[in-house]
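To start, the structure itself, in structure tokens.
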Amino acid sequence: MKNLLKSLLAIALFFIISEAGAQISVGPGVVFGTDINNVGFSANGKYEFNEKWSAAPSFTYFLKKNYTNWSALDLDANYQITELENIGSLYAIGGLNLTFWKVKYDYDFDLGEYGSYGDSGSVSGSEAGVNLGIGLNVPMGEKLALAPELRYTLGGANYLRFGVKVMFAL
């Protein structure tokens with residue numbers, strides 16, 4: 001079974017890489033997560049299957065706040081809704097999300113004449129969800145585009161993200 005999955009993955013990658021009309025872009029981004037209440041930085045990819053559909057995976061790391069680290073892995077598909085004259089293209093976002101969190105704690109209790117008690121450690125977990133959103137692809141040259149996005153994640157962790165990414169065509 002494992003070998004069959006590896007073979008299917010290799011065949012799929014071959015067809016994806018060898019497709020002549022496909023365009024690949026990568027780039028960084030910055031986002032704000034509402035319920036996380038913090039800024040994050042993302043690494044983004046985009047693989048255009050045709051002029052309407054593209055795959056857009058990304059990973060976002062949110063800055064540490066209140067002893068908590070958050071990160072999100074998104075496996076999204078984008079569908080171009082329309083071209084906006086002199087601006088770019090408007091697209092819908094839909095896909096799967098995995099949100100990871102980790103809380104580190106370190107505390108000491110002073111028990112007076114009985115001494116003190118301290119403990120440290122961490123607790124972590126993850127939540128699965130679905131992304132729904134909208135974005136705008138604004139060309140800034142032949143191989144450069146700005147992409148502001150608004151995305152809501154529903155599931156175990158519900159939060160709104162808004163941000164912008166800079167995409168470089170390869």
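Where a number appears in this text, it was derived from the coordinates with a stated rule and is not lab data. Source: prediction; values computed, not measured. Note that we place each Cβ from the backbone using ideal geometry, even for glycine, and neighbour counts take in every protein chain shown.
Summary of values
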item	result
Spherically averaged projected area in nm², based on the convex hull that wraps the Cα atoms of segment 22-169	9.9 nm²
Cα centre as origin, Lys/Arg/Asp/Glu Cβ charges: segment 27-95 dipole, Debye	380 debye
Cα-Cα over 22 Å, subset of 46/165; 46/104; 64/143; 52/143; 46/102	46/104; 64/143; 46/102
Leading residue at positive end of dipole, segment 22-169 (Cβ point charges), from 166, 69, 43	166
